[in-house]
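These notes concern the structure reproduced below.
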Amino acid sequence: MKIYTRKGDDGSTGLLGGVEVSKADARVDAYGLVDEANAVLGWVRAAEPPPRVDEVLQQIQRTCFAAGAWLAASPGTDPGVAAITPAEVETLERAIDRLEESLPPLKNFVLPGGGEAGARLHVARTVTRRAERAVAALATSEEVPGPLLAWLNRLSDYLFVAARAANTDAGIDETLWAPRDA
């Protein structure tokens with residue numbers, strides 16, 4: 001099987017369920033950005049984050065694929081994968097709580113960066129926020145499946161805390177933001 005089909009050469013693409021839409025469609029943007037976030041998570045994992053972070057990231061990547069499938073499906077079409085559930089939002093919350101227990105309390109804003117894994121986690125956080133905004137925009141005109149927006153919101157929170165944990169585990173101090181003097 002060839003990877004190219006030439007079907008999208010005119011700027012259109014097919015959703016699961018057979019509906020043809022423009023590649024500029026809000027739904028295509030939303031699932032494309034979830035896919036981008038997933039790819040960035042793979043890039044994070046290539047930097048070998050702490051095992052306590054990496055095991056969660058692996059499950060998150062699987063969930064991103066499911067989220068993308070639901071977003072790529074025409075309204076009313078079942079993509080054949082499990083939907084995001086409130087339990088998955090709660091799983092992220094518990095993962096955040098576990099990491100935060102090992103971190104110093106946050107009293108200032110933190111500049112993104114640190115070690116390789118920590119910096120990549122901050123990039124993943126911002127890409128996830130962009131995906132969340134695209135899904136929120138889609139939700140203004142079309143149905144968005146289940147608690148997907150809540151899951152994306154919690155995912156970006158998790159990635160922030162995971163960046164802090166990766167830097168802490170690597171012995172790298174966070175750089176705190178200090179406002180400029182007026």
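The values are calculated or read from the model by the stated rules, or taken from the named source; none is laboratory data. As the structure is a computational prediction, the values presented were derived from the model and not from experiment. Cβ sites come from the backbone with ideal geometry, for glycine too, and all protein chains shown count toward neighbours. We work out accessible area using only protein heavy atoms, side chains counted, and drop any ligands, DNA or RNA first. Shrake-Rupley method; radii C 1.70, N 1.55, O 1.52, S 1.80 Å.
Would you please list the contacts, defined by Cβ atoms under 7 Å and residues six or more apart or on different chains, that run from a residue in segment 8-21 that is within 16 Å of Gly76 (Cα to Cα) and free of Cβ contacts under 8 Å to residues at least 12 places away in the same chain to a residue that is open to solvent by less than 40 Å² (accessible area, probe 1.4 Å) and among the β-branched types (Val, Ile, Thr)?
Val21/Thr13; Val21/Val28
Can you name every residue in segment 119-143 that is touching a residue at least 60 places away in the same chain (Cβ under 8 Å) and part of a helix (DSSP H, G or I)?
Of everything in segment 119-143, those that are touching a residue at least 60 places away in the same chain (Cβ under 8 Å) and part of a helix (DSSP H, G or I) turn out to be Arg120, Leu121, Val123, Ala124, Val127, Thr128, Arg130, Ala131, Ala134, Val135, Ala137, Leu138.
Give just the number: which of (1) part of a helix (DSSP H, G or I); (2) out of contact with any Gly (no Cβ under 6 Å at 6 or more places or on another chain) does Asp173 not satisfy?
The number of the failed condition is (1).
Rundown of residues vs (1) of a type in the set (Lys, Arg); (2) open to solvent by less than 60 Å² (accessible area, probe 1.4 Å); (3) in a helix (DSSP H, G or I); (4) farther than 30 Å from Leu103 by Cβ, yes/no style:
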{"site": "Thr5", "(1), (2), (3), (4)": "no, no, no, yes"}
{"site": "Asp9", "(1), (2), (3), (4)": "no, no, no, yes"}
{"site": "Ala39", "(1), (2), (3), (4)": "no, no, yes, no"}
{"site": "Trp43", "(1), (2), (3), (4)": "no, no, yes, no"}
{"site": "Val56", "(1), (2), (3), (4)": "no, yes, yes, no"}
{"site": "Gln59", "(1), (2), (3), (4)": "no, no, yes, no"}
{"site": "Ala67", "(1), (2), (3), (4)": "no, yes, yes, no"}
{"site": "Asp78", "(1), (2), (3), (4)": "no, no, no, yes"}
{"site": "Ala83", "(1), (2), (3), (4)": "no, yes, no, yes"}
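Kindly indicate whether Pro104 is open to solvent by 60 Å² or more (accessible area, probe 1.4 Å) and part of a loop (DSSP other than H, G, I, E, B).
In short, yes.
How many residues are of a type in the set (A, V, I, L, M) and within 30 Å of Arg180 (Cβ to Cβ) when one looks only at segment 81-122? Give the steps one after another, and end with the answer.
Here is the first cut: in segment 81-122, the residues of a type in the set (A, V, I, L, M) are 81-84, 87, 89, 92, 95-96, 99, 103, 106, 110-111, 117, 119, 121.
In the following step, the residues that additionally are within 30 Å of Arg180 (Cβ to Cβ) were identified as 103, 106, 110-111, 117, 119, 121.
Residues that pass the stated criteria total 7.
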